[in-house]
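The values are calculated or read from the model by the stated rules, or taken from the named source; none is laboratory data. These figures come from a predicted structure and were not determined experimentally. Neighbour counts are summed over all protein chains in view; Cβ atoms, including those assigned to glycine, are modelled from backbone coordinates with ideal geometry.
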Amino acid sequence: MFEDFDDFAQEHDQKKSDRELIAKEAANQWANLLSLVPKLADGNRGFNGQTFSWVLDAGVLCLGDVAARFERVSVHNSPERGHYVTFGRAPAFPGKMYLEDSPIRAETWNLELQLTNGEFTWSASGFGGTVPAEVLVNIIARHLSACYLEYEKAYGR
């Protein structure tokens, strides 16, 4: 008689439990994601003659003059944190300087941690679906490579 309500209540309880687990594990899952990114810079992996480099202190993955910056920031009036990756021109690290504005616009993806069939996955505004951290790192590398091509094209290279 009350199966519909029981299903609704059970679904509500499961979603609440998932949200609590995500909140509890978000920092660990972010650390896991960031532990995978530097592996792109191992072994001279790169694209189009440029190699990836990881700047640990800045949380930045560089490819030539473009970069993906990883940030975990506080959400206003909440213990939660937002997770972001911003693609654009590489920062002007010490000893480097840009004389003109970037020819490409910065693009920020809002990464959201989710629980899919009991496994942690990530979704982002830059692509559809949810993927495990290992796949997300590959998607980020591909998008950074596309940004690199756009940057080079803007300079006629």
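Some points to look at:
- Residue within region 87-104 that is touching a residue at least 24 places away in the same chain (Cβ under 8 Å) and within 11 Å of the chain's Cα centre (by Cα) present: yes
- Count of residues meeting criterion [closer than 18 Å to ALA124 by Cα, surrounded by 14 or more Cβ atoms within 10 Å (Cβ to Cβ) and in contact (Cβ under 8 Å) with a residue 40 or more places away in the chain] in region 26-75: 11
- The set of residues in region 107-135 that are within 20 Å of CYS147 (Cα to Cα) and modelled with pLDDT under 90 comprises ALA124, SER125, GLY126, PHE127, GLY128.
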